[in-house]
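What follows draws every value from the coordinates through simple rules; no lab data is involved. The structure presented is a predicted model; accordingly, all values stated were derived computationally and were not measured. So basically every Cβ, Gly included, is an ideal-geometry build from the backbone, and we count neighbours across all protein chains shown.
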Amino acid sequence: MNNHLGTDIIADESAPRAWLKWFSSEYHELNGNHIDVLENSPSALEFARLVQISRPVLIKDKFTLSKGQDLGVSRLSNGKWSNDYLISAMGSRLISVAVTPNGRADAVTLGPDGKLFFAEPAVEKMTMESLLDHLTGHEESNGDDVSAETFYLQSQNGNVYSSRFFQGLDDPSEFEPLRQRIPSEVKWCTEALDRPPDAVNIWIGDGGSVSSVHSDPYENIYTVVRGEKHFTLLPPTDGLYLDERYYPHASYVRGQNGDLTLQPSPGNTPLVRWSSNMNPHLPGQLPPEAHPIHISVSEGETLYIPVGWWHHVRQSGTTVALNWWYDTEMRGMSWVMLSYLRAMKHVPLGNPKDEENNERVN
């Protein structure tokens, strides 16, 4: 381990990248490539210590989710989140579902004229029964785009409980009937952070959907209640190895012929900063200097993803997951350091020819 910072770390590269490589190497030397595993849910004090360390933790304690109960109090019941239960509970209510032609929502996609775009999914309203009918339950994509339309419940907007719920200004939820089984908070997390979550979400999909590698400004408690999720995690210090670029924005829309097509956003829409590495879980897709952690989260298990950690997510079969997003503490050094790691990295345009056209970055 280097005990001082010196000009010797700046070799033939530009200074910013050399410093970032030093951060990555030093962090890995101090922390290694392992992930802590807890057999039982932590106390608030134990979790506060984990947040301070800011490394992912797998919590294997299985639980029953019902309103008013904490996580980790009893074993998950078999079939609790079955198709029959979801359809019966939700009835004819309409829910917002993301649809793509290839299972890659919120990801870099080849669009018109061979140009790369950051593509958001089409969002369509349907019943829970219709969504589940569209899910094939096939095994996860291993890097190849799915050729058929893919449906994924991934609205990410506090679709079960929004921040306004904790302010006493509750908004209607598409998933109101499921609230009786979904706690509004994780008590040991709320106590440790001294704040309620900012959003609580439910995710339902199958192996055709892949979440491209990204990081979030939240402390994330992510619980799988049905199926299995496969995570590739990288520390914030490894962002320089993910080949981030700026891409024009686009969205999938349903055409008159019923097909999904990619529609570029207006020209004054800011470019989107995103990783161009589509398959960081595959061998050889990351530079040898990167330090990915690969972990599967099974039914009833919980993964703590600290703020700023990069994660790429696949899933096996039909899956149901819940997550609680807690705002990060912005005082002190942690948020400043995360911002520094992002700001120091040069990010080029994803379509080099756009350099000549002076595309907007912000």
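Quick notes on this structure:
- Residues Met128, Met333, ranked from the fewest to the most other C-beta atoms within 10 Å, line up as Met333, Met128.
- Among Lys229, Lys115, the order by Cβ neighbours within 10 angstrom, fewest to most, reads Lys115, Lys229.
- For Kirkwood radius over Cα pairs in Å, calculated from these coordinates, the label among (1) 22.8; (2) 21.1; (3) 21.7: (3)
- Sum of side-chain charges, Leu242 neighbourhood, beta-carbon under 14 Å (Lys, Arg +1; Asp, Glu -1): +2
- Rounded to 0.05, the FRET efficiency of the Ser25 and Gln180 pair, given R0 = 45 Å and the Cβ-Cβ distance, is 0.40.
- Sum of side-chain charges, Asn83 neighbourhood, beta-carbon under 13 Å (Lys, Arg +1; Asp, Glu -1): -2
- Summed side-chain charge close to Val37 - residues other than Val37 whose Cβ falls under 10 Å, Lys, Arg +1, Asp, Glu -1: -2
- Candidates Ala44, Gly168, Leu178 compared by Cα position along the dipole of the chain: farthest toward the positive end lies Gly168, with charges placed on Cβ.
- Residue exposure sequence - Thr318, Thr223, Thr302, Thr269 - by fewest surrounding Cβ within 10 Å: Thr269, Thr318, Thr223, Thr302
- Cβ-Cβ FRET estimate between Ile295 and Glu46, R0 fixed at 22 Å, reported to 0.05: 0.65
- Count of Lys pairs (Cα-Cα under 16 Å; at least 8 positions apart or interchain) in the range 12-357: 8
- Per-residue ellipticity at 222 nm, computed for the chain from helices alone with -39500 (n - 2.57) per DSSP H run of at least four residues, works out to -5000 deg cm²/dmol.
- Normalised contact order of the chain, rounded percent, pairs of Cα under 8 Å and 6 or more residues apart: 23
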